[in-house]
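The values are calculated or read from the model by the stated rules, or taken from the named source; none is laboratory data. None of the values given here were measured: they were computed from a predicted structure. Backbone-built Cβ (ideal geometry, glycine too); neighbour counts: all protein chains shown. Ligands, DNA and RNA are excluded from the accessible area calculation, which covers all protein heavy atoms including side chains. Shrake-Rupley method; radii C 1.70, N 1.55, O 1.52, S 1.80 Å.
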Amino acid sequence: MNTRPLRDVRILDLTDYFAGPFGTMILSGLGSEVIQVERREIGNTMRNNPPLIGTHGLCMKKKSAEDMSLISLKRGRNKKSITLDIRTPKGKALFLDLVKISDVVIENFSYGVMDRLNLSYEDLIKVNESIIYCSISGFGRKGPNKKRVAYDIVAQAMSGFMEVTGFPDSPPLKAGIMIGDAIPGLFSVIGIISAIYQKNQTGQGQKIDISMQDCLLSLVYDEGFDALKQLGIPARVGNRNQRLAPYNSFEAKDGYFVLGAVSNEQFENLLRTIERDELISDPHYDSVYKRAERVDEIDELISQWARTKTKLDAVEALLNNHVPAGPVLAIDELIEDPHLSAHKMVVDLVHPTLGVLEGVNGPGFPIKFSGCPDDYDQAAPMLGQNNQEVYGKLLGLNEETLYKLKEDKII
């Protein structure tokens, strides 16, 4: 029995790529019934995005019908899949029948697509006035840029994120993962859950407008980069922090580790760790402001010590002296990390027909509950796997009608 927090919520998921599917993956882990509405025969774009895995193992090109994208296997967990051509009158009518019995519709189409399909928020409230409608796009549905298409790198660039990421003498740098998609996906979860809460109080649904640029900007502008610029402090400082020192990554004999010694007590503990006790009483280092001015020389002191240690030995020594530190973990180290294992954060990926897959993993559910499950307990579905359940049980269509819909290329 589903005992998760959102167990009574049904979501029609029209999203593709990263932001939307990532957000609905979190919502599915929270217990909502997420129904992916996919294109006939080909499904969502990510279904065919390599690497793929199936009966032939890992491959970069589809070799059999069972081959599924690793991305789909991760982002599709706990979801259902139906196929439907919503461009046709019959397909549109079926979709509206589903809207009548659903709580949320989420999409990330380009500007105007849902209007042209006559499936906009204004159209949907005619059949379900309490529907919650969430739209994710590059720049939102208002303003001069509303018609522009954006991918992750565009959102990172136009939010200021790339301007503040990288080293001072290097070009702007994007994050190594697609945070321009992931963060808006998380904001969509916050918006949807908030709208559900309000709907439970008032009975009213609403439209939620998520802009990728807005979401990243809200994080960038939390830091005072405009003020720092006026003070002549660069926006890009690599792994350092403009206001704190030492706060950086350091190269050991076998890799890198990071540390941050923010308070005076932590800095004194750091000096003891690197065996530079004579500097504890040095007035040049007795405040965070003075240390920030002398960041180069402080980092050099630590680097000299770091080069004589392995990254794990360095981190252990720092932690033993109460200096916050951690190793830079490689992907294979993450898989073997005992702490992440205790948190169930690196889990086996399960194929809907082949079962547990050897040699590939996915992220566990990051929100831990004491009163309900906190995992993904259902494999991602094959394309159209839930047609019979959704159309037959939810909408009450008989076998003859389903056959005709398939024959007419509606499903």
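Values as computed for the structure displayed
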item: Dipole moment magnitude, nearest 20 debye, the range 36-119 about Cα centre, only Lys, Arg, Asp, Glu C-beta charged; result: 180 debye
item: Largest to smallest principal axis extent of the C-alpha atoms in the range 101-214, angstrom; result: 56, 30, 20
item: Total charge dipole magnitude, the range 1-82, about the Cα centre, Cβ charges on Lys, Arg, Asp, Glu only, Debye to nearest 20; result: 120 debye
item: Across K62/K126; K126/K406; K126/K146; K63/K368; K344/K409; K199/K406, pairs whose alpha-carbon gap is larger than 31 Å; result: K62/K126; K63/K368; K344/K409; K199/K406
item: Debye intensity ratio in log₁₀ form over the Cα atoms of the range 285-338, taken at each q of 0.20, 0.23, 0.31 Å⁻¹; result: -0.87, -1.00, -1.15
item: Whole-number accessible area per residue in Å² for the chain, which is evaluated in the context of all protein chains at 1.4 Å; result: 52 Å²
item: Gap separating the Cα centres of the range 49-101 and the range 334-411, nearest whole Å; result: 11 Å
item: Isotropic mean projected area of the C-alpha convex hull, the range 263-411 (nm²); result: 16.4 nm²
item: Heavy-atom accessible surface of the chain: percent carbon and sulfur, 1.4 Å; result: 54 percent
item: Linear extension gain, I335 paired with T3, 0.36 nm per residue minus alpha-carbon span; result: 116.6 nm
item: At R0 = 51 Å, FRET efficiency that the Cβ-Cβ distance of E129 and N320 yields, to 0.05; result: 0.25
item: Average projected area [Cα convex hull, the range 178-328], square nanometres; result: 12.5 nm²
item: Charge dipole (debye, nearest 20) of the chain; +1 at Cβ of Lys and Arg, -1 at Cβ of Asp and Glu; result: 1740 debye
item: Net charge of neighbours whose Cβ lies under 14 Å from the Cβ of A292, counting Lys and Arg as +1 and Asp and Glu as -1; result: 0
item: Contour excess over end-to-end distance, with Cα ends at S218 and Y151 and 0.36 nm allotted per residue; result: 22.3 nm
item: Kirkwood hydrodynamic radius of the range 361-411, from inverse mean 1/r over distinct Cα pairs, in Å; result: 13.9 Å
item: Gyration tensor (Cα) of the range 1-133, equivalent ellipsoid semi-axes in angstrom; result: 27, 19, 12
item: Protection-proxy order for peptides 50-61, 13-24, 159-170, 123-134, each taking the mean of Cβ atoms within 10 Å per residue, highest first; result: 13-24, 123-134, 159-170, 50-61
item: Charge dipole (the range 193-312, unit charges on Cβ, about Cα centre) - positive-most of N239, L271, I196; result: I196
item: Among Y376, M345, V258 the positive-end extreme of the charge dipole of the chain (Cβ point charges); result: Y376
item: Extent along principal axes [Cα atoms of the range 252-310; Å; largest to smallest]; result: 34, 19, 17
item: Rg to Rh, two decimals, where the chain supplies the alpha carbon set and Rh follows Kirkwood; result: 1.05
item: DSSP H segments from the chain that extend 30 Å or more along their own axis, Cα-based, with Kyte-Doolittle mean of 0.0 or above; result: 179-202
item: Sites I367 and R10, calculated FRET efficiency, Cβ-Cβ separation with R0 25 Å, nearest 0.05; result: 0.75
